[in-house]
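Laboratory data are not the source of any read-out in this text; all were calculated from the coordinates shown. None of the values given here were measured: they were computed from a predicted structure. All Cβ positions, glycine included, derive from the backbone under ideal geometry; neighbour counts span all protein chains shown.
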Amino acid sequence: MHSKYTYWSSPSLSLHLPTHSPKRGRNPKIDVYFKAMTNSTLVTEFLLEVFAETWELRLLLSMLFLLVYLGSLLGNLTIIIATTVDHNLNTPMYFFLRNLSILDMYYVSVTVPNACINSLTNHKSISVAGCAAQIFLVFFCACVEILFLAVMAQDRYVAICKPLLYPLIMNHQFCVQMTLTSLLSSFVIAGVNTIKIFQLTFCNSNVVQQFFCDTPSLLRISCSDTFNNKLLILLSAIGVSGTSFMYTIVPPFLNLIIYSLRNKQIKEAVKKVPVTHTDHQEAVSVVAARLQLQPWPRPPHRSDSDGRVCDCSGCRGSFCD
């Protein structure tokens, strides 16, 4: 007896799908979905790239990147020790600088050591969980670093433009709150983006064209619709970068405008500008243009009592008097 159901199985799941509708015949949507599922395989690991094909070049590049990595760790560790030991550096600026150095140490440790070890051992595979951890940590560290830089810019703005209110605004409680806010918001953004990425199906290939797992490479090998992922990444970048822009660029420019408007001479000049009659403004513009095009006449020469000629151009008082 012919069965109207078709079975499909994989190492992780099995599907029990009808091959045709009882009344209207075959359903094209189900056929397309069934065809995609039968051609897909369950991805349990990804294959990463190495630095080079030859062993000598891989060794050279791995040692070079490890030296740069150790130099970065040493520099950030020096900043952390200096800002912690020296009590004169216990200010909000150095508080965020210390946190930024700690964050940079984590940031470079997410990808560089693993890539160097993989190139030295020619081990290209990484598990799905390890790939997800790398993507999450890269997202998280990038967002926190941008927000820390924004808070540091706000700190310098307050220190320069509002020095008397600086101890009240940038107190220890505010610094801790901004640090926790940056960490929590970055955790949420990184978590949502990572979960959204690994909801995709990877049926084309499991080869990541990169030395570590990153979002563009995974979106490139996915066979699902990645529009929502790209839109989410764009919105996250706009949100984080927009916050940084509002704290680093807008306040200094607004401060210049506000202080300029407070100047009495500028206030008087602004009041004298004719802004009510457009015809009058056009006339003034035409007259000003004509005055700029016409050469200025030289001042007349004056003679003193002895018959000497004195040119008084460019001097306030006459030397002939």
*Please tell me the relative contact order of region 47-262 in percent, rounded to the nearest whole number, where contacts are Cα pairs under 8 Å and at least six residues apart.*
26 percent
*Amide H of Thr201: which non-local residues (sequence gap of 5 or more, or other chain) have their own amide H closer than 5 Å, using H built in the peptide plane?*
Cys223, Ser224
*Rounded if a/c is under 1.5, else prolate if a/b beats b/c, else oblate: with a ≥ b ≥ c from the C-alpha gyration tensor eigenvalues square-rooted, which is region 47-262?*
oblate
_Radius 15 Å from Cβ of Val43, net charge of other residues (Lys, Arg +1; Asp, Glu -1)_ = +1
*Net charge of neighbours whose Cβ lies under 13 Å from the Cβ of Cys213, counting Lys and Arg as +1 and Asp and Glu as -1*: -1
_Quick check for me: using +1 on Lys/Arg Cβ and -1 on Asp/Glu Cβ, what's the dipole size of region 47-262 about its Cα centre, in debye to the nearest 20?_
440 debye
*Using a ≥ b ≥ c from the Cα gyration tensor of region 36-130 (square roots of the eigenvalues), is it rounded, prolate or oblate, where a/c under 1.5 gives rounded and otherwise the larger of a/b and b/c decides, a/b for prolate?*
oblate
